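Reading through the structure tokens given below for one structure.
Each reported figure results from applying straightforward, stated rules to the coordinates on display, with no laboratory input. No experiment lies behind these values; they were computed from the predicted model shown. FYI the Cβ positions are ideal-geometry reconstructions off the backbone, even for glycines, and counts take in every protein chain you see.
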Amino acid sequence: MKDLPDNALRGLGVSDGVAIGPAHVVEGGMDRVREFRISSGRVPMEIQRFRDAKATAARQLEHLREQSRRIGGGAGEEMDYLLSAHASMLAGSRLIRGVEQRITDRMINAEAAVQREISAIVRQFRALSDPYLAARGDDVRDLGRRLIRALGGERTEPFANIAVGSIVVAREITPADTAAMAPNQVAGMAAEIGGADGHTAIMARGLGLPAVLGVPDLVATIRQGDQVILDGMAGVVIVRPDKATVEAYRRQRSSLLRRRRALAKLTDLPSETRDGVAIHLQANVELPIEAEQALGFGAEGIGLLRSEFQFMAAETEPDEDSQYEQLAGIVQSMNGRPVTIRTLDVGFDKLPPSMVEGLPPGDNPALGLRAIRLSLLRPALLDTQLAAILRAGMHGPVRILLPMITSVSEITAVRAALLRVARKLKRRGVAVPDPLPPLGVMIEVPAAALSADALARACDFFSIGTNDLTMYTLALDRTNEQVASLYDPLHPGVLRLMQFAVAAALRAGIPVNVCGEMAGDPRFAPLLVGLGIRDLSMAVGSIPLVKQRIRRLDTIAAAEHADMVMAQTDPARSAELLDAIS
Ligand code: PEP
Ligand code: MG
């Protein structure tokens, strides 16, 4: 590793590339409301508006407390405790006094006053550097969001007014924040929280934005507008660099761009091994903008469309027509190439604004009401989504993929819903594909991999999600920077589950692909091909790199290498073996 200047902060390089630009520091992650001045005559009205919002928020909290008492048990008690803390903060606390004072003294709208007051309180809590108080800061922020929602205030795009070429710096950048970043405006991003395979990191890679996550003390070190260099490969953030350092990184950025341009020449070449075996490369899509780029990067289809984007951007749950329109647009744009649409995978690190209220976090959100579990609990949500997918399927070939499956009964339930929804649509005179689209499952939970034989009989294809499979197998949170160094898909436990699932799919004669981040890392291509996988789905920008690797492979040699890797007990040794393959 090269010597770094003193003003360099280290974190996890999660999305390759070099960005140089002014820092846009997002205080408290709430940079979402517009601030404007009000006349002095309007101040009393603005204070009344704030008090009405406070009353609404108090009523909502009371209602939620009643619900949590009905849930009962440890989770109910915990929720009730949290909600009562929020309720008492509303009752004449420093927060309330502070907001009213800001409206009066600064003559600003109530939403902005709430945002500013929350940021100030969170900053004070953080300065005490006590983990317990830092967590209370999160409570204050949650309450602030509730108040802003109750004010019904005008929301702006969070990054709409930042200088072009800025580097977004925050304590936390959520997937929803990332979805709001325009790649032609934001040059890169850095945050104190986050792991390499969390959805924020995945979205940064999908958008081609250099990103460094898990950087301690980031927000305290960087001031608004400071010049910053971000090295997304090395995981380094350099604050207020000197001229020579900026020059060196400019050269590095140019040579990276040259390498990318050279790789683009591979776009029209087939993705096949030296011995002529086709390895199909498809795109993972988190946002419509990536679908637009997929064909340009040579994708043979969309192997994973994460439908969450439709929910993340909206304040209310999108209805069937708006889901259909977006999906149909993407299916059409692929000109007859297949599109695998995954049903909603929210919960854990993805929480659309419209679902924040209905999805209590619980102690372990990754083990809670996530993905298919939520869809099955809310049949109207699932039916609406299935109807939109079926209608979009009239514009090109689609497949339906179910996230976080653990049991055959979940597939059976969705298949029944699919038939019911198709019948209903036909009764409405709406055309649906005949036959119905294939119904596949993600293999991303150890239970699914271990019961792959049974699942393979109940569904039409498998897609291996190595991100969650690694997380759930190794009991390591993929979004937690503190355990990032332990998170390793080459762990023999993960590889054996994958091997078992692939073998079950091949025995049952159903297609199997890998759509986790492992598929987009060229180092792993010999292993995946050697295990018998012929379909990979990845971030659009990774397609040329993986193709380059595939074109140098021989499937017989890859199978031998895979055998060698499968015989290892130490993931570090497996990595060395893979790196040594020419
Ligand atoms: C995975 O878990 O590997 C996967 C592809 O799904 P996601 O990253 O959306 O959880
Ligand atoms: Mg997953």
query = Can you give the helix-only mean residue ellipticity at 222 nm for the chain, where every DSSP H stretch with n ≥ 4 adds -39500 (n - 2.57) and the sum goes over all residues, rounded to the nearest 500 deg cm²/dmol?
reply = -15000 deg cm²/dmol
inquiry  = Taking every DSSP beta bridge with both residues inside the chain, roughly what % is antiparallel (nearest 5)?
reply    = 35
key: Residues with amide H under 5 Å from that of D535, placed H, sequence gap 5 or more   = H280, V514
task = For region 178-192, just list the computed ³J(HN,Hα) in residue order, Karplus coefficients 6.51, -1.76 and 1.60, θ = phi - 60°, integers in Hz, with x standing in for Gly and Pro.
result = 4, 4, 8, 8, 8, x, 7, 10, 9, 8, x, 8, 9, 8, 7
inquiry  = Using +1 at the C-beta of Lys and Arg and -1 at the C-beta of Asp and Glu, which of V25, P511, S39 has the Cα lying farthest in the positive direction of the dipole of the chain?
reply    = S39
remark   = Expressed in angstrom and ordered largest first, the alpha-carbon extents of region 297-386 along the principal axes are 43, 25, 21
remark   = Listed by chain and number, the residues whose amide H is under 5 Å from that of S15, excluding neighbours fewer than 5 places away on the same chain and using placed H, are A211
message = Rounded to the nearest 20 debye, what is the charge dipole size of region 320-411 about its Cα centre when +1 sits on each Lys and Arg Cβ and -1 on each Asp and Glu Cβ?
response = 300
ask   = If you plug each phi of region 423-428 into the Karplus form 6.51 cos²θ - 1.76 cosθ + 1.60 with θ = phi - 60°, what whole-Hz ³J(HN,Hα) values come out, in order, with x for Gly and Pro?
value = 4, 4, 4, 4, 4, 6
remark   = proj_area_mean for region 183-274 (convex hull on C-alpha atoms), units nm², value 8.1
inquiry  = In whole Hz and in residue order, list the ³J(HN,Hα) couplings for region 42-49 that follow from phi through the Karplus curve 6.51 cos²θ - 1.76 cosθ + 1.60, θ = phi - 60°; x for Gly and Pro.
reply    = 8, 3, x, 5, 5, 5, 5, 4
query = Can you list residues whose amide H is under 5 Å from G188's amide H, if they're 5+ apart or on another chain and H is modeled 1.01 Å from N?
reply = V168
ask   = When all alpha-carbon pairs of region 514-562 are counted, what percent fall beyond 18 Å?
value = 18
key: Lys/Arg +1, Asp/Glu -1 at C-beta; the chain dipole; positive extreme among A187, V219, A170   = A187
query = Per the Cauchy relation, a quarter of the hull surface: what is the mean projected area of the convex hull of the alpha carbons in region 158-213, in nm²?
reply = 3.2
query = Hey, if you put +1 on the Cβ of every Lys and Arg and -1 on every Asp and Glu Cβ in the chain, which of N161, V494, G208 ends up farthest toward the positive end of that dipole?
reply = N161
key: Protection proxy ranking of 410-417, 56-63 - average other beta-carbon atoms within 10 Å, highest first   = 410-417, 56-63
Spatial extent of the chain: Rg and Dmax, with the Cα atoms as the point set, Å = 24.7, 80
request  = Take each of the peptides 272-278, 418-424, average the number of other beta-carbon atoms within 10 Å over its residues, and list them starting from the highest.
outcome  = 418-424, 272-278
ask   = Can you work out the FRET efficiency for the pair V483 and S40, with r the C-beta to C-beta distance and R0 = 60 Å, to the nearest 0.05?
value = 0.65
inquiry  = Rounded to whole Å, give me the distance from the Cα center of region 258-281 to that of region 1-22.
reply    = 30
message = Sort 81-91, 489-499, 284-294 by packing, meaning the average of other beta carbons within 10 Å per residue, with the highest value first.
response = 284-294, 489-499, 81-91
inquiry  = How large is the direction-averaged shadow of the alpha-carbon convex hull of region 431-531, in nm²?
reply    = 7.7
task = Please report, in debye to the nearest 20, how large the charge dipole of the chain is about its Cα centre when each Lys and Arg carries +1 at its beta carbon and each Asp and Glu carries -1 there.
result = 1040
